[in-house]
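The next block holds one structure in the form of structure tokens; read it before the comments.
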Amino acid sequence: MKNCILHVTISIAILSFAFGQSSAQQNSENSKSEQEVRQIIEKFRLALVKGDVLTLQQIWANDYVFVNPSGEVLTKEQRLANIRSGATKLEAINQQEDTKIRVYQNSAVSTSRETVKGHYSGQPNSGQYRITSVWVKNSEGWQLVSTQMIPVAPSKPGAD
């Protein structure tokens, strides 16, 4: 009986250690993935401001979907056409708070608040926006599959 209890105790200890390592390894992998996503977000911002179509083609997945501040849904090809024609031209994108990134194995969701100055689909759309993006890691690296921009309403005095 003592041998059985000893065996069970050792087994539990070994399993706990193994699962603890697995959890630590997952946290390490998520941290690495988060840093990779932060780097691609910065590359994405620069490409948007520069109108760098080649970089955007690589970053946007083939089935990329963008919901612009007016609520219109645009595909990758429509967005690229708008950038090529000048209908979408961004002068500046300034981050207003830290981008939050949540990693789920080979996907990630980023949320941020940014001030954007420029035009989307030929319409002026400067102001502050809450932006949610979905990223997926595949054989080509991290790619953007969806973005939604929502205007942030100006705060009203005494609204607290």
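The values are calculated or read from the model by the stated rules, or taken from the named source; none is laboratory data. Everything numeric in this text was worked out from a predicted model, so none of it was measured. Cβ sites come from the backbone with ideal geometry, for glycine too, and all protein chains shown count toward neighbours.
Couple of notes before you dig in:
- Only one entry in A47, A61, A18 is modelled with pLDDT of 95 or more, out of contact with any Gly (no Cβ under 9 Å at 6 or more places or on another chain) and over 19 Å from Y104 (Cβ atoms), namely A47.
- Filter result for T111 (in contact with a helix residue (DSSP H, G or I) (Cβ under 8 Å, 6 or more places away or on another chain), among the hydroxyl-bearing types (S, T, Y) and surrounded by 13 or more Cβ atoms within 10 Å (Cβ to Cβ)): no
- Annotation note: of T75, T88, T115, the sole residue that is more than 18 Å from the chain's Cα centre (by Cα) and of a type in the set (S, T, Y) is T88.
- Flag if S85 is loosely packed, with under 15 Cβ neighbours inside 10 Å, over 15 Å from I131 (Cβ atoms) and not β-branched (V, I, T): yes
- Taking segment 116-129 as the range and being part of a strand (DSSP E or B) and without any contact (Cβ under 8 Å) to a residue 60 or more places away in the chain as the test, the residues that pass are V116, K117, G118, H119, Y120, Q123, P124, G127, Q128.
- The number of residues in segment 46-68 being outside any loop (DSSP other than H, G, I, E, B), under 21 Å from E114 (Cβ atoms) and either without any contact (Cβ under 8 Å) to a residue 12 or more places away in the chain or in contact with a Cys (Cβ under 9 Å, 6 or more places away or on another chain) (or both) comes to 2.
- Any hit, segment 89-102, residues being outside any strand (DSSP E or B), surrounded by fewer than 14 Cβ atoms within 10 Å (Cβ to Cβ) and among the hydroxyl-bearing types (S, T, Y): no
- Residues in segment 72-99 that are closer than 17 Å to V145 by Cα and either at pLDDT 95 or above or of a type outside the set (D, E) (or both): V73, L74, T75, K76, E77, Q78, R79, L80.
- Sub-7 Å Cβ pairs linking a first residue in segment 130-153 that is touching a residue at least 40 places away in the same chain (Cβ under 8 Å) and under 20 Å from Q96 (Cβ atoms) to a second residue that is surrounded by fewer than 17 Cβ atoms within 10 Å (Cβ to Cβ) and of a type in the set (D, E, K, R), at least 6 apart or interchain, are I150/R130, ordered by first then second residue.
- Scanning segment 122-139 for residues that are over 30 Å from S33 (Cα atoms) and surrounded by 17 or more Cβ atoms within 10 Å (Cβ to Cβ) yields a count of 1.
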